[in-house]
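Participant: Before anything else, here's the structure in question.
The values are calculated or read from the model by the stated rules, or taken from the named source; none is laboratory data. What you are looking at is a predicted structure, and each value in this text was computed from that prediction instead of being measured. Virtual Cβ from ideal backbone geometry, glycine too; neighbours counted across all protein chains shown.
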Amino acid sequence: MPTITYILKDGSARSIDARTGASVMETAIHHNVRGIDAECGGSCSCATCHVYVADDFIDRLPPPDDMEDELLDGVASERLPGSRLSCQLTVTPELDGLTVRVPETQV
């Protein structure tokens, strides 16, 4: 199982074994990761699952589609080059070791 590390707002880290095919958001929700609200349940319509992907993984991910890109323009915390919606990131074996940082706020 690929491992995803979530860096929480307080700076602590939680490493979680993720199911291949699940989203980074679903993995966070199922393991009670604080700070990923996912109000829309993963339908890419609210941007409350915003995360910052670690620099060394940005190029391993497909670029955001138009819908995700538009939603990222309205996130509550600053949009950075590594900003992604975790509902749009599918866990694959190639993402083993992925690190994402939870932003200060989602709303």
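Participant: Can you pull out the residues in region 54-72 that are part of a loop (DSSP other than H, G, I, E, B) and within 19 Å of residue 3 (Cβ to Cβ)?
Facilitator: The first filter runs over region 54-72 and keeps only residues part of a loop (DSSP other than H, G, I, E, B), leaving 54, 59-65.
Within region 54-72, 54, 60, 61 qualify.
Participant: Within region 57-76, is even one residue under 18 Å from residue 9 (Cα atoms) and not hydrophobic (A, V, I, L, M, F, W, C)? Quick ask: steps written out before the conclusion?
Facilitator: Initial filter on region 57-76 (under 18 Å from residue 9 (Cα atoms)): 75-76.
Then drop every residue that is not not hydrophobic (A, V, I, L, M, F, W, C), which leaves none.
Checked against the condition, which is being under 18 Å from residue 9 (Cα atoms) and not hydrophobic (A, V, I, L, M, F, W, C), region 57-76 yields no hits at all.
Participant: Hey, among 79, 34, which residue is free of Cβ contacts under 8 Å to residues at least 12 places away in the same chain and either surrounded by 12 or more Cβ atoms within 10 Å (Cβ to Cβ) or not basic (Lys, Arg) (or both)? Talk me through it step by step, then tell me what you get.
Facilitator: Details: 34 fails: free of Cβ contacts under 8 Å to residues at least 12 places away in the same chain.
Sole residue among the options that is free of Cβ contacts under 8 Å to residues at least 12 places away in the same chain and either surrounded by 12 or more Cβ atoms within 10 Å (Cβ to Cβ) or not basic (Lys, Arg) (or both): 79.
Participant: Among the residues of region 34-47, which ones are closer than 16 Å to residue 73 by Cβ and in contact with a Cys (Cβ under 7 Å, 6 or more places away or on another chain)?
Facilitator: From region 34-47, those closer than 16 Å to residue 73 by Cβ are 44-47; that's our starting set.
Matches in region 34-47: 44, 46.
Participant: With outside any loop (DSSP other than H, G, I, E, B) and either closer than 23 Å to residue 15 by Cα or modelled with pLDDT of 95 or more (or both) as the only criterion, which of 36, 29 stands out?
Facilitator: Numbers: 36 fails: outside any loop (DSSP other than H, G, I, E, B).
Of 36, 29, the one residue that is outside any loop (DSSP other than H, G, I, E, B) and either closer than 23 Å to residue 15 by Cα or modelled with pLDDT of 95 or more (or both) is 29.
Participant: Next question, about the same structure. Only one of these is hydrophobic (A, V, I, L, M, F, W, C) and over 23 Å from residue 3 (Cβ atoms): 51, 75. Name it. Please lay out each step first, then the result.
Facilitator: On the way: 51 fails: over 23 Å from residue 3 (Cβ atoms).
Only one candidate qualifies: 75.
Participant: Take the residues of region 1-26 that are of a type in the set (A, V, I, L, M, F, W, C), more than 15 Å from residue 77 (Cβ to Cβ) and modelled with pLDDT of 95 or more: which is surrounded by the most Cβ atoms within 10 Å (Cβ to Cβ)? Don't jump to the end; show me each part of the working.
Facilitator: Initial filter on region 1-26 (of a type in the set (A, V, I, L, M, F, W, C)): 1, 4, 7-8, 13, 16, 18, 22, 24-25.
Okay, now just the ones that are also more than 15 Å from residue 77 (Cβ to Cβ), so 1, 4, 13, 16, 18, 22, 24-25.
The next check asks that each one be modelled with pLDDT of 95 or more; those that pass are 4, 13, 16, 18, 22, 24-25.
Numbers: 4: 26, 13: 10, 16: 17, 18: 23, 22: 18, 24: 28, 25: 26.
Among them, the one singled out is 24.
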